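The values are calculated or read from the model by the stated rules, or taken from the named source; none is laboratory data. Predicted model only: the values in this text are computed from it and were never measured. Methodologically, a virtual Cβ is constructed for each residue, glycine included, from the backbone with ideal geometry; neighbour enumeration extends over all protein chains shown.
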Amino acid sequence: MSIQEKTKFYKRQNKEITKYYAWVYNPNTGKNVSGPLRGKRSDAVKDEANILKSIEAGEKFEKAKEKEKIRITVKEVYDCWIDAAKNEYANSTYEVYKYYYSHFINNLWGDIPILKIKPVHIQNYINDLGKAGEEHKAYSAETINKIINILSLLFQFSINVLNIMDESKNPMKGINRLKIALSDMETWTPEQQAEFFNSPLVRQSHYFPLLCVSALGPRPGEVCGLAEKDYLREKKLLKMSRGYDKYNVLSDMKNHQSHRPLSLSDFICHAIDRHLNWKAEMRQQYPDFADNNFLFVSAKGRPINPDVYSKAYIKLLNKYNSQASTPLPQISLYGIRHSFATNNLLLDDISPALVADVMGNSVKTVLSRYAHVTTDMRRQVTENYSEKLFTKKSG
């Protein structure tokens, strides 16, 4: 086992970039297992550890392998795979996989030998999920794609780790994920955001994390996971270093790009200072108050669950709109993050690369997710350039 390096010259950045990947020999299959390319060697080391754990999980399957391969069920493969997956994926992803398997796969195929499942069975199931039936509605492309992802992972695990199936027999070959139509998510203009946050109703609420989502564009779970040490007051920085999910579990960031420092305005610094002063006052009255290292806490001093906070925000927005002469568009907490991207992409002097860096996304993700904005930008570029080329100057 080792960490391999791969160096490539990138024209856009005009430099060579070295990436790393794990390379682990699996004695159960006699084949090497390769991890994904990583920007940091430390991430590849983590991949190596996770691959080794997956191989160890395969050893648990030795007793089951004594049976004929054709008798090994989907549920048996899942049990081995999910045991290894806990160390490989973020907790929120791990919980999603468990939910989708139990609700969409286990009842249908759990007791069926995995080698008996053919491509036609999977394709027919996917087709049925997309249609409304007597027992279920027509599921969205996003839901169906999650099911396809889990099935793909299960079959790859049975091939690469458990060695009970040849790659050539993988029934997921030729099964395509559904195309997801881009939809224009409702967003707020800067003026609408200012109107909302300057409202006495909103200012009286527990709005500090919400303010950070609006001004800095992070994911809600990133804000809820912030530690006090992540706030560098003298440098006016906020370090994004961990997340907090709806299952009340701290987790690593979504990807290496998510680890980033964000510069703070004086206004945001003063807002965070007010929250810290409030915490200090509460601790003087109640020594056990906020007995944790979270930057933002609830009125009871507990970490803020992003799912609960999202629902509280919707209630606040509904109350605001019920009193406002001009109600604001009904957007989700994640819609505020989209508003950050949309409004910044429309500025002439801010590049998509900079927006992506601040948001902890790749440029590709930002451009694809906010295609409705980039279309306007492209039109503006071509129109402006055409005017420069073909419009005669007077005099």
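So, Leu317, is that one surrounded by 16 or more Cβ atoms within 10 Å (Cβ to Cβ) and assigned to a loop (DSSP other than H, G, I, E, B) or not?
No: the conditions fail for Leu317.
Could you identify the single residue in Phe208, Phe267 that is at pLDDT below 90, not small (Gly, Ala, Ser) and not assigned by TED's automatic domain parsing to the domain that holds Asp43?
Answer to the check: Phe208.
Say whether the condition of being in a helix (DSSP H, G or I) and under 30 Å from Met185 (Cα atoms) is met by at least one residue in segment 284-302.
Looking through segment 284-302, none of the residues is in a helix (DSSP H, G or I) and under 30 Å from Met185 (Cα atoms).
Might you check whether a residue that is touching a strand residue (DSSP E or B) at 6+ places or on another chain (Cβ under 7 Å) and at positive phi occurs anywhere in segment 235-247?
yes
If you check Val33 against the conditions, is it closer than 20 Å to Leu154 by Cα, assigned by TED's automatic domain parsing to the domain that holds Ile112 and at pLDDT 80 or above?
Yes.
With respect to the numbered conditions (1) within 25 Å of Leu216 (Cβ to Cβ); (2) assigned to a loop (DSSP other than H, G, I, E, B); (3) at pLDDT 85 or above, which one is the sole condition not fulfilled by Pro327?
For Pro327, the exception is condition (1).
Determine whether segment 230-249 contains at least one residue that is under 30 Å from Thr93 (Cβ atoms), among the aliphatic types (A, V, I, L, M) and touching a residue at least 40 places away in the same chain (Cβ under 8 Å).
yes
Looking only at segment 125-138, decide whether some residue is of a type in the set (Asp, Glu), more than 22 Å from Tyr25 (Cα to Cα), modelled with pLDDT under 95 and touching a Phe, Trp or Tyr at 6+ places or on another chain (Cβ under 9 Å).
no
Just to be sure, is Leu153 under 30 Å from Asp252 (Cα atoms) and assigned to a loop (DSSP other than H, G, I, E, B)?
no
So Ala138 passes all but one of these: (1) within 26 Å of the chain's Cα centre (by Cα); (2) in contact (Cβ under 8 Å) with a residue 24 or more places away in the chain. Which condition number does it fail?
Condition not satisfied by Ala138: (2).
Please count how many residues of segment 200-228 are touching a residue at least 24 places away in the same chain (Cβ under 8 Å) and part of a helix (DSSP H, G or I).
Number of matching residues: 17.
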